[in-house]
1. From the square roots a ≥ b ≥ c of the eigenvalues of the alpha-carbon gyration tensor of the stretch 274-320, which class results: rounded (a/c under 1.5), prolate (a/b over b/c), or oblate?
2. Among SER320, GLY198, HIS336, which residue has its Cα positioned farthest towards the positive end of the charge dipole of the chain, with +1 placed on the Cβ of Lys and Arg, -1 on the Cβ of Asp and Glu, and the dipole taken about the Cα centre?
3. Rounded to the nearest 20 debye, what is the charge dipole size of the stretch 224-365 about its Cα centre when +1 sits on each Lys and Arg Cβ and -1 on each Asp and Glu Cβ?
4. Treat every Asp and Glu Cβ in the chain as -1 and every Lys and Arg Cβ as +1, leave all other atoms uncharged, and give the resulting dipole magnitude about the Cα centre to the nearest 20 debye.
5. Pick from SER25, SER292, SER67 the residue whose mean-square fluctuation is largest in a GNM of the chain, springs joining Cα atoms under 10 Å.
6. For the stretch 194-317, with all protein chains present and a 1.4 Å probe, just round the carbon and sulfur fraction of the accessible area to a whole percent.
7. Report the Cα centroid-to-centroid distance between the stretch 200-268 and the stretch 68-103 in angstrom, as an integer.
8. What number comes out for accessible area per residue over the chain if the probe is 1.4 Å? Units Å², please.
Amino acid sequence: MPSSSSLEPPWDVDCVGVAWSEAASSSALRHYRSLPKKGKPQGRESTVLAAFLLSSAQDPCNPTVLSMATGTKCLGAARLSPRGDLVHDAHAEVVARRALLRLVYSEIGRGAPPDWLAASADGGRWRLREGHCLHLYITQLPCGVMPVPLSQSELHTKQLDNVNGCNDIGFVQRKPGRGDTTLSMSCFDKITRWSVVGIQGALLSHILEPLYLSTITIGQLPDRAPEGFSIENNIEKVLDARLSSITTKLPASFQLHKPNFFEAPVPPKEFQQIGGDVPPLTCGYSICWNKSSLHEVVLGTTGRKQGTSSKAACLPSTESLLCKRRLLEAFMSLEHPLVTKFQCEEMSYRALKDMAHEYQYTLELLRKAPFFSCWRAKPASLDSFAVFQ
């Protein structure tokens, strides 16, 4: 079995436990409060907030917010677009990651990488600079997490009982939809994937070594947690069980990278989805922000920018900068030798992703792991679009 990384990040000496969880949550929430009201929950509405943060060895307890998003919606299978012009999954964790990718494209596109990236010895690619760490903060448990992990014997029994259903923590789950089934993996499944192939995705793998998360900090439940449950212990156990099922050696630049989990204070009420006599309402909007001037609001039920009329629904001006088509445009516009070689011919989004061979090989190892036997890839037609230079 490939060895998992033993995390000893630069902030570990001076900023751990409560100090780190409070630093991460306060940085994210402070920045959220600085944003305009557009797209934020109104009245009884609530949402989920996620933020990617950067820490440095020089100031470990003062992380910088790189990207941020809110959101709880995703599109059903019948509404997915083969043109790459919609945001299919507007859950906060997913949108915040896309905003981070957009930040990398923007800053590298200026001719020099951000100060948290450095040149790699690996064929002209970039890597995370020594002494810097990436982190994720979420106001609540990511979807797809059950409160208490099952024992190994229970998992075996459940595996036999759920060959078709795939409804347990040990298996890939689809996000729930109202009526129309979604094809989007749960956020916890995506976090598991990021722990193997990195958060940069296939396209950026052409020019960027895998980016892994050092920590994931999650807001406490507003009501008391189930007896015997803790974010740090239980979720780490589940992730350990999943990653331990990967027994094949990974390519040199990849690793099984388990982030440390921390429990943050209970988030403000607009991020608390509390049950009761009055049914909770979730905000339909998704705020998208990054440090490189991205700030837009997407309607999660349509995958387009807020305010899009039915008549303008197919206009490029209504597309989010985070949809697949716009991210592909950002990739193809880079003046980088590992990208310009693709600009001589028309290639589909799918073909460009498939040419990230080490990334795809590692992803396939993950898909073959027992815990991911129920992973159902989305139809290839959804990624068959191309952009013209």
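1. Verdict is oblate for the stretch 274-320.
2. In the chain, that residue is SER320.
3. Dipole magnitude for the stretch 224-365 comes out near 260 debye.
4. Dipole of the chain, to the nearest 20 debye: 1280 debye.
5. Among SER25, SER292, SER67, the largest GNM mean-square fluctuation belongs to SER292.
6. Carbon and sulfur: 51 percent of the exposed surface of the stretch 194-317.
7. Computed from Cα coordinates, the inter-centre distance equals 20 Å.
8. That works out to 45 Å² for each residue.
The values are calculated or read from the model by the stated rules, or taken from the named source; none is laboratory data. This structure is a prediction, so every number in the text was calculated from the model and none was measured. No Cβ is skipped: glycine too gets one built from the backbone with ideal geometry, and neighbour counts run over all protein chains shown. Note: accessible area is taken over every heavy atom of the protein model, side chains too, but ligands, DNA and RNA are not part of it. Shrake-Rupley method; radii C 1.70, N 1.55, O 1.52, S 1.80 Å.
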